[in-house]
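**Student:** One structure follows; several queries about it will come next.
The values are calculated or read from the model by the stated rules, or taken from the named source; none is laboratory data. None of these values were measured; they are calculated from a predicted model. Using ideal geometry, Cβ is built from the backbone for each residue, glycine included, and neighbour counts are taken over all protein chains shown.
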Amino acid sequence: MNKSLVIASAGLLCIVLVLAAGCTQPATPTPTPTPTPVVTTAIPTATPSPTSVSSTPGPTQTLPEMWNIEVQVHSNGLSYDPQIIVSCQGGKGLNFIQQIDVTVTGSDGVVVTGVMKKPLYKGQQISLRSTNAMGYKDRAEVWATDPQGEKVKIFDAYIPNKSYN
């Protein structure tokens with residue numbers, strides 16, 4: 001009888017320990033839903049250029065390596081619908097850069113602007129109006145807004161409508 005009492009007590013102790021262990025585990029956290037990315041389209045706006053705007057490219061700055069982002073700027077080469085195309089080519093800062101601002105100052109004095117907003121991705125592009133007169137060059141400026149909210153000019157150059165290389 002003593003032996004069966006010890007076995008029953010051990011079994012009862014095991015059941016109490018199992019129940020107590022289940023009560024002390026933390027509750028499973030509720031999963032947070034992942035936000036769905038919002039697709040934004042850049043809407044170019046044309047405004048007349050004030051006389052103080054320079055059409056001469058200036059110096060550019062370099063983003064820190066951890067925020068670096070690559071852009072490609074080129075003309076579509078069409079004379080009937082000339083466009084300057086700016087495309088995002090990726091980089092370490094793809095998830096950190098807040099937005100990319102593009103300004104095209106045409107040789108005819110018209111300034112056109114556009115914005116690529118988060119979420120940025122490789123291959124994202126914006127197309128802005130260009131001039132189509134032979135021999136004219138338009139100035140393209142590309143600004144990246146870093147995570148601290150500062151705008152950094154990462155590209156500033158003349159973009160010819162057609163290149164005869």
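**Student:** Can you run down the residue pairs with Cβ atoms below 7 Å, 6 or more apart or on separate chains, where the first is in segment 67-86 and over 16 Å from Arg139 (Cβ atoms) and the partner is acidic (Asp, Glu) and modelled with pLDDT of 90 or more?
**Tutor:** What qualifies is Trp67/Asp146.
**Student:** Does segment 88-97 contain at least one residue that is out of contact with any Asp or Glu (no Cβ under 6 Å at 6 or more places or on another chain), closer than 11 Å to Ala144 by Cβ, aromatic (Phe, Trp, Tyr) and touching a residue at least 40 places away in the same chain (Cβ under 8 Å)?
**Tutor:** yes
**Student:** Mind checking which residues of segment 81-135 are under 17 Å from the mean Cα position of the chain (by Cα) and of a type in the set (Gly, Ala, Ser)?
**Tutor:** Ser87, Gly90, Gly91, Gly93, Gly114, Gly123, Ser127, listed by residue number.
**Student:** State all residues of segment 90-123 that are in contact with a Cys (Cβ under 9 Å, 6 or more places away or on another chain) and surrounded by fewer than 19 Cβ atoms within 10 Å (Cβ to Cβ); if no residue qualifies, say none.
**Tutor:** Selection gives Tyr121, Lys122, Gly123.
**Student:** Can we say Ile84 is under 16 Å from Lys153 (Cα atoms), buried (at least 17 other Cβ atoms within 10 Å of the Cβ), in contact with a Lys or Arg (Cβ under 9 Å, 6 or more places away or on another chain) and not basic (Lys, Arg)?
**Tutor:** Against the criterion (under 16 Å from Lys153 (Cα atoms), buried (at least 17 other Cβ atoms within 10 Å of the Cβ), in contact with a Lys or Arg (Cβ under 9 Å, 6 or more places away or on another chain) and not basic (Lys, Arg)), Ile84 does not qualify.
**Student:** Then there's this: Select the strands (runs of 3 or more DSSP E) contained entirely in segment 39-156, then report the ones holding at least 3 residues which are modelled with pLDDT of 90 or more.
**Tutor:** The qualifying strands (runs of 3 or more DSSP E) are 70-75, 83-90, 99-105, 110-117, 125-129, 137-145.
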